[in-house]
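The values are calculated or read from the model by the stated rules, or taken from the named source; none is laboratory data. Everything quoted here is computed from the prediction, not taken from an experiment. Counting neighbours? That spans all protein chains shown, and the Cβs are built from the backbone with ideal geometry, glycine included. For accessibility, only protein heavy atoms count, side chains too; no ligands or nucleic acids. Shrake-Rupley method; radii C 1.70, N 1.55, O 1.52, S 1.80 Å.
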Amino acid sequence: MKVLVVGGGGREHAIVWKLSQSRLVDKIYCAPGNAGISEIAECVSISVNDFDALIDLVKHEWIDITIVGPEEPLANGIVDAFEKEGRKIIGPAKIAAQIESSKVFAKEFMRRHRIPTAEYKVFTSYSHAEEYIRMKGAPIVIKADGLAAGKGVIVADTLDQAFEGLKLIMKERVFGDAGSRVVIEECLIGEEASYMVFTDGETILPLASSQDHKRVFDNDTGPNTGGMGAYSPAPIVTKQRESQILEKIIKPTIYGLKAEKIKYKGVLYAGLMIKDENIYVLEFNCRLGDPETQPVMMRMTNDLLEICLAVSNEKLSTIKPQWQDNASVCVVLASAGYPGSYEKGKLIKGLEEIKKLDNVYVFHAGTAFLGTDYVTNGGRVLGVTALAKEIKSAKELAYKAIEKIHFEGMHYRRDIADKALR
Ligand code: AMP
Ligand code: GLY
């Protein structure tokens, strides 16, 4: 079969890498892809939001199925556009993708279905929002309603930070229209985990648990990023907590949407805050996590295309999830300045040497070729991912591999997975 993967980051590289091992796959295309992806798939320079061009590609190349990585095309209705043309595609339709694309939709849905989440209020008026923050005090969390590339959430420790954040979102509109409404919510304390499932709207197929590291610096300090590293499994997600997550969060969400006449197909990702026996939803995403997908794909034994076909054909109940009984750690190497502004085009050295290592795979995020050289082309550049018997040895292996890689301004966290080792 021929498969198209839409996107060009570390998550898409991990998806393409996993698909490349499928006995069902003859050829993989990726739009737009990156330098690493181009070594195992045919990259096509089409934007993830150019649905007409993507559909033309699918028709022209006789592509059987499309898998969407990022949230933006899903929020813009890529699934609706493909299905209108009778093309197979994996992901939720636009109406269902609102679970991620509108924080207000997600919070109101959770309230209606009694899904545990932080207490909140919605504001369209700047002055009312300001008044509410003053009344509630800090710490407090301010969220732009719409998509903001993972940066639209401000966890304010002081009132000054809260007012500053509110101003940026609502007055200066740093995230554009995404900031015309805000959710202001209670700040939850605990440990975060990511829980992702595939679903065909009926059957739920859980993926291995994982944990992201959102903040840019060690010890969870500095601003939020798209994610600076991840590991799988997440020991905080015990068997007992896992069944609580499924019963109290995942099932009520998928079946609650169904009760509201919204069929949810594809991946549902719940970002969770866990404190003792309480588990709250911080956010929903309508797609796989990045970088969580990198360690999760390294541990998956199933054929990923088989899962995707079962989602599409609504036959997911025929698949049994299978995981390697080991652990994986992914450390993200970022450009100087990320998550703020950064330069591109820095020469990346050492990648050829890493290809010789067993159980280490470098997933590319923001990379490109300049002639035959790899150069940086984004904020998050590489995700060095290692597989070993336990988290501790996987972590050691990933950091050992990083010693071989260099680009100007490269920075990364030194404490990825330490939480799992405490
Ligand atoms: P979100 O995009 O909603 O997941 O927010 C991004 C990050 O902000 C989360 O991964 C958390 O680290 C943090 N966050 C979001 N909501 C809250 C909350 N209510 N309390 C504490 N931290 C939060
Ligand atoms: N790593 C968090 C996300 O993918 O949203």
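Scan around A138 for amide H atoms under 5 Å from its own, H built in the peptide plane at 1.01 Å from N, and keep only partners 5 or more places away or cross-chain.
Excluding prolines and chain starts, which carry no amide H, the hits are L159.
Counting each pair of different Cα atoms once, what's the Kirkwood radius of the stretch 264-422 in Å, rounded to one decimal?
Evaluated over the stretch 264-422, this radius sits at 17.6 Å.
Give the lysines whose C-alpha is closer than 20 Å to that of K239, dropping any in the same chain fewer than 8 places away, or say none.
Within reach: K248, K251, K275, K320, K389, K419.
Put a dot 7 Å past each Cα toward the Cβ at E390 and Y255; how far apart are the dots in nm?
3.9
Give me the net charge of A394's neighbourhood, meaning all other residues with Cβ under 12 Å from the Cβ of A394; Lys, Arg count +1, Asp, Glu -1.
It works out to a net charge of +3.
Just to check I understand the Karplus step: with θ = phi - 60° and J = 6.51 cos²θ - 1.76 cosθ + 1.60, what whole-Hz values come out for the stretch 261-276, glycine and proline as x?
With the stated coefficients, the stretch 261-276 comes to 6, 10, 7, 10, 10, x, 10, 10, 10, 10, x, 10, 10, 10, 9, 6 Hz.
Give the relative contact order (percent, whole number) for the stretch 364-414; include only Cα pairs under 8 Å separated by 6+ residues.
24
Over all distinct alpha-carbon pairs, what is the Kirkwood Rh of the chain in angstrom?
Evaluated over the chain, this radius sits at 21.7 Å.
Check which residues have an amide H placed less than 5 Å from I67's amide H, if you skip close sequence neighbours.
L4, V5, V6, I90
Rounded to the nearest whole Å², what accessible area per residue is found for the stretch 252-318 with the 1.4 Å probe?
With the other protein chains kept in place, the stretch 252-318 gives 33 Å² per residue.
Where does the charge balance sit around L207 when Lys and Arg score +1, Asp and Glu -1, over other residues with C-beta under 14 Å from its C-beta?
Once positives and negatives cancel, what remains is +1.
Pick out which of E83, E192, E390 has the largest mean-square fluctuation in a Gaussian network model of the chain, springs linking Cα atoms closer than 10 Å.
E83
Heavy atoms only, 1.4 Å probe, whole protein assembly: order F175, F109 by accessible area, highest first.
Ranked from most to least accessible, the order is F175, F109.
Given contacts defined as C-alpha pairs under 8 Å and at least six residues apart, what's the relative contact order of the stretch 13-154, whole-number percent?
13
Between W323 and K275, take the C-beta separation as r, use R0 = 22 Å, and let me know the FRET efficiency to the nearest 0.05.
For R0 = 22 Å, the calculated efficiency reads 0.25.
Quick one: of K27/K214; K88/K315; K143/K395; K214/K356, which pairs are farther than 26 Å apart, Cα to Cα?
K27/K214; K143/K395; K214/K356
Which whole-number percentage describes the relative contact order of the chain, with Cα contacts under 8 Å and a sequence gap of 6 or more?
Dividing the mean separation by the residue count of the chain yields 17 percent.
If each residue of separation counts as 0.36 nm, what is the full-extension length gain between D52 and M135 once their alpha-carbon separation is subtracted?
Length difference between fully extended and current span is 25.0 nm.
How big is the charge dipole of the stretch 328-422 about its Cα centre, in debye rounded to the nearest 20, if each Lys and Arg gets +1 on its Cβ and each Asp and Glu gets -1 on its Cβ?
Dipole of the stretch 328-422, to the nearest 20 debye: 260 debye.
Per residue of the stretch 360-374, in order, report the coupling 6.51 cos²θ - 1.76 cosθ + 1.60 (Karplus, θ = phi - 60°) as ³J(HN,Hα) in whole Hz, putting x for Gly and Pro.
10, 9, 9, 7, 8, 10, x, 9, 8, 9, 10, x, 9, 8, 7
Name the long-range amide H neighbours of E42: under 5 Å, sequence gap of 5 or more, or other chain; modelled H, no Pro or chain starts.
Here the answer is I28, Y29, C30, since their amide H atoms fall under 5 Å of that of E42.
With every protein chain present, what accessible area does K349 have (1.4 Å probe, heavy atoms only), rounded to the nearest 10 Å²?
Only protein atoms counted, so the area is about 120 Å².
Go from 0 up to the bin containing the longest alpha carbon distance in the stretch 69-131, width 5 Å each, and give me the % of pairs per bin.
3, 17, 19, 16, 15, 14, 9, 5, 2, 1, 0
Out of F363, F105, F284, any idea which swings most in a Gaussian network model of the chain, alpha carbons joined below 10 Å?
F105
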